[in-house]
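*Asks:* Quick one: this structure, given as structure tokens, is what I'll be asking you about.
The values are calculated or read from the model by the stated rules, or taken from the named source; none is laboratory data. Remember, it's a predicted structure, so these values are computed and weren't measured experimentally. Heads up, the Cβs are rebuilt from the backbone with ideal geometry, glycines too, and the neighbour counts pull from every protein chain shown. Just so you know, the surface numbers come from the protein's heavy atoms only, side chains and all, with ligands and any DNA or RNA stripped out. Shrake-Rupley method; radii C 1.70, N 1.55, O 1.52, S 1.80 Å.
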Amino acid sequence: MCGIVGAVAQRNIVSVLLEGLRRLEYRGYDSCGVAVLGEEGPRRARSVARVTDLDEQVRESHLDGITGIAHTRWATHGAPVTDNAHPIFSKDELALVHNGIIENYESLREMLRDKGYTFVSQTDTEVIAHLVHSLYNGDLFATVREAIGQLHGAYAIAVLHKNQPHTVVGARQGSPLVVGIGNGENFLASDALALAGSTERFIFLEEGDVCELSLDGVKISDRDGYDAQREVRQVAAYGGAVELGPYRHFMQKEIFEQPRAITDTIPQADSFDPSIFGDDAQTVFGEIDNLLILACGTSSYAALTAKYWLESIAKIPTQVEIASEYRYRESVPNPKSLVVVVSQSGETADTLAALKHAQSLGHKHTLAVCNVGTSAMVRQTELSFLTHAGREIGVASTKAFTTQLVALFVLAATLAKLRGHLSAGQEADYVKQLRHLPAALNSVLALEPQIIAWSEEFSRKEHALFLGRGLHYPIALEGALKLKEISYIQAEAYPAGELKHGPLALVTEAMPVVTVAPNDALLEKLKSNIQEVRARGGQLYVFADADTKIVNDEGLHVIRMPEHYGLLSPILHVVPLQLLAYHTACARGTDVDKPRNLAKSVTVE
Ligand code: M6R
């Protein structure tokens, strides 16, 4: 998704800007650009190819300067063509980059046209550039403050003006923006990761903040226009670029990193202690009588799995809502709810907005399950649990998902204990199972060669059905999402009992039916569903626990999983589905880590 980098220094900052863009590339983008201030005003280079192409253009045109901004764009308004790539100029005097969406851009465009501005792009961004230009009064900081008062929507912007050669101004509302503090130089970015090579000291701007970067300092005002002091945080964890090592793609590497990621995420203590969620967790957990979990995509499937755990172990009513639906729905707030947001990035616009919406309805107890400790979601919630998946580069989420499951299982067990539903023996068993999980995952990863053999077959299909029941229905949903995201095969998931209510009509010899078959209480029911498919000539591809005794037969292809792993079984069963999607996509030759049209961190609505 879109990324912003900005810098003011006493040296040529073009390499800093390009390096920042490179670090944001994994998020997905379709064009990029950079602008620096020269004596004549801003100069820029833009590309609809990759950052390496932009780099070449920069060298060829000798673009250099000490004040600049740069951008990766993921198209929302207007196609990914050069005219729509940022930085966007106004009258060759002002340059601006923007993440987010301006909802009232049409009325602003009409107003600005009436003032004589000509529009050369289809972007909503161009209205911000012309608006700031039209209001400019010699003080860019004050002008941006005034301009954003007229914007409706979500945005993070960085802007520079010819008349202020050592100034970059930024503003945020609904999209993240972070200031990097250097020595005699200062930076701006949509993600601290972009500045990892330049500084370890960051200010995470708050909603409505406007900032001005100059050579000797940073000035910030809050949403009401008052001077604001923001905490400078030391963040050293961003490190260098992540290496691919022996793997073909980051997705494959991340699938194989799951035993390590889960080991790092499992709490150290041998008991479930609420303090792992924050100092106030014990008090908060004592005040709630239900959970409302908000999330998108894969994170919402982790939440759905958790619903089964929370209701069965902790006996606490749990509702899961897709964040983008919840935020626009009239719902009945319950002050005794714990609102849980689940997110890999902690910056997903829909989930953030849903959290804000829940808070505005009076929900005071909030918890984030998140992989990024400095993210907006963690900063805006009362409690948090950080997963330790490490940086996930592949757009298709894998290790973030399984570590979210671990976090949510720990939440369920902790609430069960506090509510008197967990005996000491059960607690010890759960801790033991969690500790053994990485080893169990390694034995599932060892199934890769068998899965590769299936993927050849799958790569020639255009449709697939995924079936699961109970706790494993969300795993079927996740398996189908993985396959469609990266192989572009249309895949749908159903609770297996639902098959006869409609989807069975789709079953023919040409339709592979992937089935998640754990040896749980629903196994006999699932076996009947398998027979319903076989009777219609369907081809079943079953991941069956070793103790299910489901074996290969006509129309029935089986990969034997380890023996049933109890309540934590979904964490094992999702892994072969990740591998199936991955190898099918490889066989089809798609861009696995950067699938078409998708972005890693979805920071627009
Ligand atoms: O960062 P988040 O977990 O909030 O992201 C939510 C979804 O955008 C994300 O899970 C998406 O569905 C992934 N591409 C799934 O692989």
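*Asks:* Taking the criterion of being at positive phi and either more than 26 Å from the chain's Cα centre (by Cα) or open to solvent by less than 60 Å² (accessible area, probe 1.4 Å) (or both), would at least one residue in segment 523-536 satisfy it?
*Replies:* no
*Asks:* Just the residues that are modelled with pLDDT of 95 or more and among the charged types (D, E, K, R), please, taken from segment 377-399.
*Replies:* E382, K399
Residue-wise test of (1) open to solvent by less than 30 Å² (accessible area, probe 1.4 Å); (2) of a type in the set (G, A, S); (3) outside the structural domain of A354 (by TED's automatic domain parsing); (4) within 14 Å of the ligand (Cβ to nearest atom).
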{"position": "L556", "(1), (2), (3), (4)": "yes, no, yes, no"}
{"position": "R560", "(1), (2), (3), (4)": "no, no, yes, no"}
{"position": "L568", "(1), (2), (3), (4)": "yes, no, yes, no"}
{"position": "H573", "(1), (2), (3), (4)": "yes, no, yes, no"}
{"position": "Q578", "(1), (2), (3), (4)": "yes, no, yes, yes"}
{"position": "A581", "(1), (2), (3), (4)": "yes, yes, yes, yes"}
{"position": "D593", "(1), (2), (3), (4)": "yes, no, yes, yes"}
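*Asks:* Another question about this same structure. Looking at segment 157-180 only, could you name the residues that are open to solvent by 10 Å² or more (accessible area, probe 1.4 Å) and under 26 Å from the mean Cα position of the chain (by Cα)?
*Replies:* Result: Q173, G174, P176.
*Asks:* Could you list, in sequence order, all residues of segment 544-600 that are over 21 Å from L441 (Cβ atoms) and either aromatic (F, W, Y) or assigned to a strand (DSSP E or B) (or both)?
*Replies:* If the condition is that a residue be over 21 Å from L441 (Cβ atoms) and either aromatic (F, W, Y) or assigned to a strand (DSSP E or B) (or both), then D553, L556, H557 are the ones that fit.
*Asks:* Do you know which of the residues in segment 366-377 that are away from the ligand (no atom under 12 Å from the Cβ) and open to solvent by 10 Å² or more (accessible area, probe 1.4 Å) is farthest from E257 (Cα to Cα)?
*Replies:* Ranking the qualifying residues of segment 366-377, first place goes to T374.
*Asks:* Could you please tell me which pairs satisfy a Cβ distance under 6 Å, a separation of 6+ or placement on different chains, a first residue in segment 293-309 that is under 18 Å from A416 (Cα atoms), and a second residue that is more than 9 Å from the ligand (Cβ to nearest atom) and not in a helix (DSSP H, G or I)?
*Replies:* Listed pairs, sorted by first residue: I293/V320; I293/V340; A303/I293; A303/V320; L304/V320; K307/T318; K307/V320.
*Asks:* Here's a check for you: in segment 104-118, which residue that is surrounded by 14 or more Cβ atoms within 10 Å (Cβ to Cβ) and within 20 Å of A79 (Cβ to Cβ) is nearest to the chain's Cα centre (by Cα)?
*Replies:* Y105
*Asks:* Further question: Between E605, E509, which is touching a residue at least 24 places away in the same chain (Cβ under 8 Å), more than 24 Å from L405 (Cα to Cα), within 16 Å of the ligand (Cβ to nearest atom) and not in a helix (DSSP H, G or I)?
*Replies:* Of E605, E509, the one residue that is touching a residue at least 24 places away in the same chain (Cβ under 8 Å), more than 24 Å from L405 (Cα to Cα), within 16 Å of the ligand (Cβ to nearest atom) and not in a helix (DSSP H, G or I) is E605.
*Asks:* Being of a type in the set (D, E) and either touching a Ser or Thr at 6+ places or on another chain (Cβ under 7 Å) or outside any helix (DSSP H, G or I) (or both) is the filter; apply it to segment 442-496 and report the residue that is farthest from the ligand (Cβ to nearest atom).
*Replies:* E462
*Asks:* Which of the following residues is modelled with pLDDT of 95 or more and either part of a strand (DSSP E or B) or within 23 Å of the chain's Cα centre (by Cα) (or both): L310, L294?
*Replies:* L294
*Asks:* Something else about it: Identify all residues within segment 248-306 that are among the basic types (K, R) and within 16 Å of the ligand (Cβ to nearest atom); write none if there are none.
*Replies:* Hit for segment 248-306 is K253, nothing else.
*Asks:* Could you list, in sequence order, the residues of segment 58-73 that are over 20 Å from L195 (Cβ atoms) and open to solvent by 60 Å² or more (accessible area, probe 1.4 Å)?
*Replies:* Once the filter is applied, which keeps residues that are over 20 Å from L195 (Cβ atoms) and open to solvent by 60 Å² or more (accessible area, probe 1.4 Å), segment 58-73 yields R59, E60, H62.
*Asks:* Only one of (1) touching a Cys at 6+ places or on another chain (Cβ under 9 Å); (2) surrounded by fewer than 16 Cβ atoms within 10 Å (Cβ to Cβ) fails for Y247. Which number is that?
*Replies:* The single condition Y247 does not satisfy is (1).
*Asks:* Additional query: Would you be able to tell me the number of residues in segment 232-252 that are outside any loop (DSSP other than H, G, I, E, B), at pLDDT 95 or above and not hydrophobic (A, V, I, L, M, F, W, C)?
*Replies:* Qualifying residue count, segment 232-252: 1.
*Asks:* Taking strands (runs of 3 or more DSSP E) that do not extend beyond segment 89-204, which have at least 2 residues that are more than 28 Å from K356 (Cβ to Cβ)?
*Replies:* 94-102, 153-161
*Asks:* Can you run down the residue pairs with Cβ atoms below 7 Å, 6 or more apart or on separate chains, where the first is in segment 1-26 and outside the structural domain of R44 (by TED's automatic domain parsing) and in a helix (DSSP H, G or I) and the partner is at pLDDT 95 or above and open to solvent by less than 30 Å² (accessible area, probe 1.4 Å)?
*Replies:* Close Cβ pairs (under 7 Å, with a partner that is at pLDDT 95 or above and open to solvent by less than 30 Å² (accessible area, probe 1.4 Å)) do not exist here.
*Asks:* Identify, from the list A400, A396, A407, A389, the residue that is within 15 Å of the ligand (Cβ to nearest atom), assigned by TED's automatic domain parsing to the domain that holds E347, under 27 Å from S312 (Cα atoms) and assigned to a loop (DSSP other than H, G, I, E, B).
*Replies:* Exactly one residue qualifies, and that residue is A389.
*Asks:* Among the candidates E325, E321, which residue alone is touching a helix residue (DSSP H, G or I) at 6+ places or on another chain (Cβ under 9 Å), surrounded by fewer than 23 Cβ atoms within 10 Å (Cβ to Cβ) and assigned to a helix (DSSP H, G or I)?
*Replies:* Only one candidate passes the filter, namely E325.
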